[in-house]
Amino acid sequence: MLILIKESYAELSREAVRIVANAVRRKPELRIGLATGSTPLELYRELVRLHREEGLDFSRVVSFNLDEYIGLPADHPQSFHSYMRRNLFDHINIRSENVHIPDGNWRGSLSDYCASYEALIAHAGGIDLQVLGIGKDGHIGLNEPTSSLASRTRPKTLTQQTIEDNRKGFGPNEQPPDAAITMGIGTILEARRILLLASGTAKAKAVALAVEEPITASVSASALQLHGDTTLLLDQEASADLRHGDYYRRVAEGTRRLNPERLW
Ligand code: F6R
């Protein structure tokens with residue numbers, strides 16, 4: 001893992017934009033995996049700006065979202081479909097046929113549907129760059145603790161912590177969904193490159209467990225230790241519980257000197 005510690009959320013987002021925009025410029029038919037949540041909001045805002053002001057072209061980009069709530073209408077403001085439209089897709093020139101988000105309202109067999117989502121990813125040639133956030137409980141996608149490190153796209157019951165974290169945005173009389181379809185950890189690990197963003201003190205413990213403790217199904221993000229090209233982009237707060245922050249800063253500096261392509 002390459003760990004880049006930035007001063008602030010703004011700086012972390014700037015670096016994320018640089019990486020994603022470069023990936024699109026280098027490979028216009030990039031297959032990108034996308035996350036929702038508050039962390040990538042600034043990344044998406046800035047990609048929209050780059051599209052509008054500098055013509056960053058998404059016309060050949062193919063996207064796969066990590067997850068979607070089960071049972072929430074796709075046009076509900078809190079659905080991940082709505083989030084993606086509102087924050088990115090409605091404002092760039094990605095083609096609707098190139099956008100893939102799990103269907104949380106699938107009426108037939110969910111396991112067949114999830115297998116078909118995997119097949120779509122495989123048919124597209126796999127994911128080149130997967131953007132991830134991390135939950136307070138260490139989840140990536142919505143792979144809650146105890147998810148198999150080999151798991152594939154499937155329905156997943158959410159922990160109470162995740163349900164509470166997602167409550168904001170739902171009305172006082174609304175019950176936030178308690179399940180989702182999510183790419184599995186095995187699915188995520190097949191992406192060629194992974195970029196995980198974490199900001200704020202609420203993520204510090206999960207980040208430290210994922211990076212500095214043994215790989216365990218109790219902390220899904222720890223599985224990223226098995227991936228050969230993962231970059232963690234943290235702000236100071238999210239890095240606060242790391243024991244070896246000084247060393248990671250030196251590694252980042254060394255990488256800049258010795259292996260700059262690793263920084264994308
Ligand atoms: C969302 C997703 C989740 C979030 C995580 C962090 O598509 O896959 O893993 O990335 O829950 O959410 P925020 O960024 O809101 O803290």
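The values are calculated or read from the model by the stated rules, or taken from the named source; none is laboratory data. Everything numeric in this text was worked out from a predicted model, so none of it was measured. Cβ placement follows ideal geometry from the backbone for every residue including glycine, while neighbour counts extend to all protein chains displayed. Areas reflect the complete protein model, heavy atoms only, side chains present, ligands, DNA and RNA absent. Shrake-Rupley method; radii C 1.70, N 1.55, O 1.52, S 1.80 Å.
So how exposed is TYR83, as accessible area in Å² (1.4 Å probe, rounded to 10)?
20 Å²
On average, how much accessible surface per residue is there in the chain, in Å², for a 1.4 Å probe, leaving out ligands, DNA and RNA? The partial results should precede the final answer.
Values: 11770 Å² over 264 residues.
Using a 1.4 Å probe on heavy atoms only, each residue of the chain averages 45 Å².
For SER38 and GLU53 in the same chain, what is the full-extension length gain: residue separation times 0.36 nm, less their Cα-Cα distance, in nm? Write out the running numbers ahead of the final one.
Numbers: separation 15, 0.36 × 15 = 5.40 nm, distance 2.38 nm.
Contour length minus Cα-Cα distance gives 3.0 nm.
Of the cross-linked pairs LYS156/LYS205; LYS6/LYS168; LYS136/LYS156; LYS27/LYS203; LYS136/LYS168, which ones have a Cα-Cα span greater than 21 Å in the structure shown? Don't skip to the answer; put the middle values down first.
Details: LYS156/LYS205 23 Å; LYS6/LYS168 27 Å; LYS136/LYS156 17 Å; LYS27/LYS203 32 Å; LYS136/LYS168 15 Å.
Over 21 Å apart, Cα to Cα: LYS156/LYS205; LYS6/LYS168; LYS27/LYS203.
How far apart, in nm, are the 7 Å Cα→Cβ label points at ARG107 and LYS205?
So the label points at ARG107 and LYS205 sit 4.4 nm apart.
Of all accessible surface on segment 1-118 at a 1.4 Å probe, what whole percent is carbon and sulfur? Walk me through the numbers on the way to the answer.
On the way: 2560 of 5300 Å².
The nonpolar share, carbon plus sulfur, comes to 48 percent.
Simple spin-label model, 7 Å along Cα-to-Cβ: ASP90 to HIS123 in nm?
Roughly 2.9 nm, to one decimal.
Let me know the longest stretch in the chain that avoids all GluC sites (Glu not before Pro) found in a DSSP loop with at most 13 other C-beta atoms within 10 Å.
30-173
Which order do MET1, MET183 take when ranked by solvent-accessible area (1.4 Å probe, heavy atoms of all protein chains), largest first?
Ranked from most to least accessible, the order is MET1, MET183.
Treating only the Cβ atoms of Lys and Arg (+1) and Asp and Glu (-1) as charged, compute the dipole magnitude of segment 2-263 about its Cα centre; round to the nearest 20 debye.
On the way: 31 positive and 34 negative charges, 119 e Å.
My answer is approximately 580 debye.
What residues of segment 24-53 lie in the reach of a label at GLU97, counting those whose backbone N is under 19 Å from a point 7 Å from the Cα along Cα→Cβ?
Counting backbone N atoms under 19 Å from the label point, the list is 28-32.
Full extension from LYS136 to ILE215: what is 0.36 nm times the residue separation minus their Cα-Cα distance, to one decimal in nm? If you can, show how the numbers build up before the last one.
Working: separation 79, 0.36 × 79 = 28.44 nm, distance 1.66 nm.
Going from the current span to full extension adds 26.8 nm.
So if each residue of separation counts as 0.36 nm, and I subtract the Cα-Cα distance between GLU174 and ARG257, what length gain in nm does that give? Could the numbers behind the result be given before it?
Details: separation 83, 0.36 × 83 = 29.88 nm, distance 5.23 nm.
My answer for the length gained is 24.6 nm.
For the chain, with the dipole built from +1 on Lys and Arg beta-carbon atoms and -1 on Asp and Glu ones, taken about the Cα centre, which of LEU12, GLY108, ALA119 lies farthest toward the positive end?
Going by the charge dipole, the pick is LEU12.
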